[in-house]
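Before we start, here is the structure in question, set down as structure tokens.
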Amino acid sequence: MANIIRKEDALEYHAKGRPGKIEVVSTKETKTQRDLALAYSPGVAEPCMEIHENPEDVYKYTAKGNLVGVISNGTAVLGLGDIGPEASKPVMEGKGILFKIFADIDVFDIELNTKNIDEFVNTVKILEPTFGGINLEDIKAPECFEIEERLKKIMNIPIMHDDQHGTAIISGAALLNALELVNKKIEDVKFVISGAGASAISCCKIYIALGAQAKNMYMFDSKGLITSDREELDERKIIFAKDCANISLEEAFVGADIFIGLSKGNVVSKEMVQAMAENPIVFALANPTPEIAYEEAIAARPDIIMATGRSDYPNQVNNVLGFPYIFRGALDVRATTINEEMKLAAVKALAELTKKPVPDIVNVAYNEKSLQFGPTYIIPKPIDPRLLVTVAPAVAKAAMDSGVAKYPIKNWDAYENELYKRLGSDDNLLRYIINKAKQAPKRVIFAEAENLKILKAAQIVNDEGIAIPILLGKKEKINALIEEHGLQLENIQIIDPKCDSMEDKRYEYGQKFFEKRQRKGYNLYEAKKVMRERAYFGSMMLANGEADALISGITRKYQDMLRPALQIIGMKKEVKRVAGMYMMLTKKGPIFFADASVNFNPTEDELVDITVLAAKEVENFNIKPRIAMLSYSNFGSSDSAEAILVRNAVAKLKATHPELIVDGEMQASVAFNQELMKENYPFSALVNETPNVFIFPNLSAGNIAYNLLQEIGGAEAIGPILLGLNKPVHVLQLGSTVRQIVNMVAISVVEAQLKSSKK
């Protein structure tokens, strides 16, 4: 299912909070006068003089070695054309984010207000001391060719125009694999190419480097087939010019083995594809509308291998598979250029990676049971965590072998470990959860649908295929909010528990509730009356199998919304109490806090129960729990009641659940400091096992910790995740954001999926 992106949502995203998508963050301490004196005057003079004596030390003392300039003049932005440098800036910021996410490369985006080649080249040249590499972006042809060629000649750092080479590298890998599957040799096949711009020419050049023959390539531009008798033929097109009569694109398709589309949508028909040779390969890469629709091509030729530039079809040719990792490898060996050997190394690394077993996290993300090398999987998926540790080393080695590496890698194992650290641990967890939810969306009740945030979240989860919303509240008020804010929630079920039409349902639910609570303070009248409240009505819907999960709490006190769930849904048989856990998404990966919302002052046994609940939930996210039981004391350093409480809980856990990696009592700082742990507490089960689950001695500590980490530490909080109930019910914190609500819905759906799979 393709993502639905609305104009107003996109504009709000880019404008909210601090405008734009990037900021500069210090990597050193800057809090004290001494820090500032080291960072600037007088301390900064020392690295300045070192660099003056040895210019290569700029890589030692500054960010140059991890800094790429993304530079454009806005003359060919996406499919929008020449919209100017200012209008290109959101794209360049976005490119910087991709560099950071996928390869931990920092970026300054620079937009140049010039269309003059000399001005552009001279400006970039004089920026060389600043950057470790230059990514040219969204510059129109033919100027882009000359700009890149000139800069590569006069600069001593890696230069790449991604629009030229990105698609070439990715499609080259896909082509090698496709040819292997159909048992054809690249030197023998006939190509038809629609498009003769920067990307198309670069693609064909790399195919030639891989063994293809220019004589077998039929390239079409806006004027038709490129022939040698054409007047004023562009020098870059000459190599592809044919010494034959002009033929149409349709005629060229007859007997063709491969079609490469880098032009515009809907220029290829089913009949043209049907005229191709046996086992045709079609790369229709125009975006967002391919040269021929995926469905049409597949229908025309069942034996086809098809690729597009779109994420909603198999075999997406996406430049993000290339540029972050190519620059990573180039920067890490201080390459003086990005040469053909490095590009071909990236091609072959991508091709080989495709043939290896695919991690579960990738299968889940793309709603696949088991991706494997074949016609619908000829190129890795963009979120594959192996890309960085596969492509970057291949590029780095090629730079070394071709003699352009100034800082060769000596220890490849250490380099691979360094790359893994750049990825962070489990940094794809949230993406994993959301995509797993999309595999089998469940019915989720929103108990407070008269709230705008709830309605916005419902729209998103409905658009994205995460869940099927059921809205509880007054229909008139909900519909008024939908209309006022231009939301699109057509065909979404809205139920008003208080309306007359629900009287029979309230009676039915009240009767069932009375049967559950008749000896616990409720008479029949009270049981029926309370069904007018949405939290109770929604919980009964869930208990009755009319929904799969329930979300509430954004406008009401936590305990008021928790109580109906406890009374109606109840706890799992093996569970003695419920608990609340937060998932904190940090730069070092996800960590989990419990209890942070339910149990005020747990006993030893209750701490044991909370820990077991948290561990099981973390395991459901495909993460191995490594548990630190927190206190102000370290392993018996204090005999206070609180320290003893946590210490005893740890002892009981080790006795009753020996399979768990757990230890304590310990301070939070010790839990995160492996050197301190090894030096002072080498006996600990958490030595060499950095903890990811933190159990707090009381609710105050847990709640304070998660709020501080969120507000000051910059972590994203997801939760509270309610643990121990028979069915997925989650009570939001007051004031939760739309994003937080969406995340909790995704978790609810995954929990519902897990429950249904166990039936």
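So which of 442, 456, 421 ends up being modelled with pLDDT of 95 or more and farther than 19 Å from residue 561 by Cβ?
The match here is 442.
For (1) surrounded by fewer than 24 Cβ atoms within 10 Å (Cβ to Cβ); (2) outside the structural domain of residue 623 (by TED's automatic domain parsing); (3) modelled with pLDDT of 95 or more, each residue gets a yes or a no:
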position	(1), (2), (3)
306	no, yes, yes
341	yes, yes, yes
347	no, yes, yes
356	yes, yes, no
364	yes, yes, no
389	yes, yes, no
393	yes, yes, yes
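Related question: Pairs under 8 Å by beta carbon, first residue within 11 Å of residue 451 (Cα to Cα) in the range 470-494, partner aromatic (Phe, Trp, Tyr) and surrounded by 13 or more Cβ atoms within 10 Å (Cβ to Cβ), six or more apart or different chains?
Once the first residue is within 11 Å of residue 451 (Cα to Cα) and sits in the range 470-494, its partners that are aromatic (Phe, Trp, Tyr) and surrounded by 13 or more Cβ atoms within 10 Å (Cβ to Cβ) give 471/446; 472/446; 472/537.
Collect the residues in the range 104-153 that are of a type in the set (D, E, K, R) and within 17 Å of residue 326 (Cβ to Cβ), keeping them in residue-number order.
Of everything in the range 104-153, those that are of a type in the set (D, E, K, R) and within 17 Å of residue 326 (Cβ to Cβ) turn out to be 104, 106, 137, 148, 152.
Looking only at the range 468-492, count how many residues are part of a loop (DSSP other than H, G, I, E, B), within 30 Å of residue 753 (Cα to Cα) and not β-branched (Val, Ile, Thr).
The qualifying residues number 7.
Now a separate question. Run down 389, 347, 395, 404 and say which single residue is closer than 30 Å to residue 584 by Cα and among the β-branched types (Val, Ile, Thr).
Checking each option against the conditions leaves just 389.
Looking only at the range 356-385, filter to residues that are assigned to a loop (DSSP other than H, G, I, E, B) and hydroxyl-bearing (Ser, Thr, Tyr); which one of those is farthest from residue 324 (Cα to Cα)?
That would be 370.
Of all residues being under 41 Å from the mean Cα position of the chain (by Cα) and acidic (Asp, Glu) in the range 219-234, which is surrounded by the fewest Cβ atoms within 10 Å (Cβ to Cβ)? Just the residue, please.
Checked the range 219-234; the qualifying residue surrounded by the fewest Cβ atoms within 10 Å (Cβ to Cβ) is 234.
Looking at residue 679, is it among the acidic types (Asp, Glu), closer than 22 Å to residue 637 by Cβ, in the same structural domain as residue 646 (by TED's automatic domain parsing) and in contact (Cβ under 8 Å) with a residue 60 or more places away in the chain?
So residue 679 fails the test.
Here's a check for you: in the range 192-218, which residue that is small (Gly, Ala, Ser) and at pLDDT 95 or above is surrounded by the fewest Cβ atoms within 10 Å (Cβ to Cβ)?
Of everything passing the filter in the range 192-218, 211 is surrounded by the fewest Cβ atoms within 10 Å (Cβ to Cβ).
Quick test of your reading of the structure: residue 283 fulfils all but one of (1) under 21 Å from residue 177 (Cβ atoms); (2) out of contact with any helix residue (DSSP H, G or I) (no Cβ under 8 Å at 6 or more places or on another chain); (3) surrounded by 14 or more Cβ atoms within 10 Å (Cβ to Cβ). Name the failing condition by number.
(2)
Please go through the range 70-94 and pick out each residue that is closer than 23 Å to residue 310 by Cβ, assigned to a helix (DSSP H, G or I) and without any contact (Cβ under 8 Å) to a residue 60 or more places away in the chain.
88, 91, 92
For (1) touching a residue at least 12 places away in the same chain (Cβ under 8 Å); (2) farther than 16 Å from residue 724 by Cβ; (3) in contact with a His (Cβ under 6 Å, 6 or more places away or on another chain), each residue gets a yes or a no:
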residue: 567; (1), (2), (3): yes, no, no
residue: 592; (1), (2), (3): yes, no, no
residue: 596; (1), (2), (3): yes, no, no
residue: 618; (1), (2), (3): yes, no, no
residue: 624; (1), (2), (3): yes, yes, no
residue: 634; (1), (2), (3): yes, yes, no
residue: 641; (1), (2), (3): no, yes, no
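May I ask you to say which residue of 510, 521 is more than 44 Å from the chain's Cα centre (by Cα) and either charged (D, E, K, R) or surrounded by 11 or more Cβ atoms within 10 Å (Cβ to Cβ) (or both)?
Exactly one of 510, 521 is more than 44 Å from the chain's Cα centre (by Cα) and either charged (D, E, K, R) or surrounded by 11 or more Cβ atoms within 10 Å (Cβ to Cβ) (or both), namely 510.
Consider residue 504 against the criteria (1) touching a residue at least 24 places away in the same chain (Cβ under 8 Å); (2) more than 32 Å from the chain's Cα centre (by Cα): it satisfies all of them except one. Which criterion is unmet?
The single condition residue 504 does not satisfy is (1).
Same structure again: Which pairs turn up if I take residues in the range 696-716 that are assigned by TED's automatic domain parsing to the domain that holds residue 665 and look for partners that are surrounded by fewer than 14 Cβ atoms within 10 Å (Cβ to Cβ) with beta carbon separation below 8 Å, at least 6 apart in sequence or on another chain?
These pairs meet every condition: 698/600; 698/601; 699/600; 699/601; 700/600; 714/587.
Kindly list, by first and then second residue, each pair from a residue in the range 33-53 that is farther than 21 Å from residue 65 by Cα to a residue that is part of a loop (DSSP other than H, G, I, E, B) and among the charged types (D, E, K, R), limited to pairs with Cβ atoms under 6 Å and residues at least 6 apart or on different chains.
Going by the 6 Å Cβ cut-off, the qualifying pairs are 35/29.
Can you name every one of the helices (runs of 4 or more DSSP H) wholly within the range 2-61 that holds 1 or more residues which are of a type in the set (Lys, Arg) and surrounded by fewer than 10 Cβ atoms within 10 Å (Cβ to Cβ)?
7-15
Residues in the range 397-414 that are under 9 Å from residue 342 (Cα atoms) and of a type outside the set (S, T, N, Q): how many?
Number of matching residues: 3.
Now, a different point. In the range 297-313, which residues are in a helix (DSSP H, G or I), out of contact with any strand residue (DSSP E or B) (no Cβ under 6 Å at 6 or more places or on another chain) and under 12 Å from residue 282 (Cα atoms)?
The answer is 298, 300.
Considering each residue of the range 105-147, count those that are more than 30 Å from residue 420 (Cβ to Cβ) and buried (at least 22 other Cβ atoms within 10 Å of the Cβ), and give that number.
The qualifying residues number 5.
Six or more apart or on different chains, Cβ under 7 Å: which pairs go from a residue in the range 430-459 that's in the same structural domain as residue 552 (by TED's automatic domain parsing) and outside any helix (DSSP H, G or I) to one that's of a type outside the set (Gly, Ala, Ser) and at pLDDT below 90? Could you list them?
Short answer, once both residue conditions are applied: 448/554; 448/555; 451/554; 451/555.
Being in a helix (DSSP H, G or I) and touching a helix residue (DSSP H, G or I) at 6+ places or on another chain (Cβ under 9 Å) narrows it down to one residue among 343, 421; which is it?
343
Sticking with this one: Restricting the first residue to the range 509-538 and requiring it to be in the same structural domain as residue 471 (by TED's automatic domain parsing), which pairs with a second residue that is assigned to a helix (DSSP H, G or I) and of a type in the set (D, E, K, R) meet a Cβ separation below 7 Å and a spacing of at least six or different chains?
Going by the 7 Å Cβ cut-off, the qualifying pairs are 510/528; 527/517; 528/506; 531/506; 532/506.
Can I ask one more? If only one of 297, 286, 335 is assigned by TED's automatic domain parsing to the domain that holds residue 388, under 21 Å from residue 207 (Cα atoms) and either touching a Cys at 6+ places or on another chain (Cβ under 7 Å) or small (Gly, Ala, Ser) (or both), which one is it?
Just a single option satisfies the conditions, and that option is 286.
Additional query: Look through the range 152-161, keep the residues that are assigned to a helix (DSSP H, G or I) and out of contact with any strand residue (DSSP E or B) (no Cβ under 6 Å at 6 or more places or on another chain), and return whichever of them is surrounded by the most Cβ atoms within 10 Å (Cβ to Cβ).
154
Something else about it: Let me confirm something: among 285, 262, which residue is modelled with pLDDT under 95 and more than 23 Å from residue 374 (Cα to Cα)?
Going through 285, 262 in turn, the sole match is 262.
The values are calculated or read from the model by the stated rules, or taken from the named source; none is laboratory data. All figures in this text were calculated on a predicted structure; none of them were measured in a lab. Please note: Cβ atoms are built from the backbone with ideal geometry, for glycine as well, and neighbour counts cover all protein chains shown.
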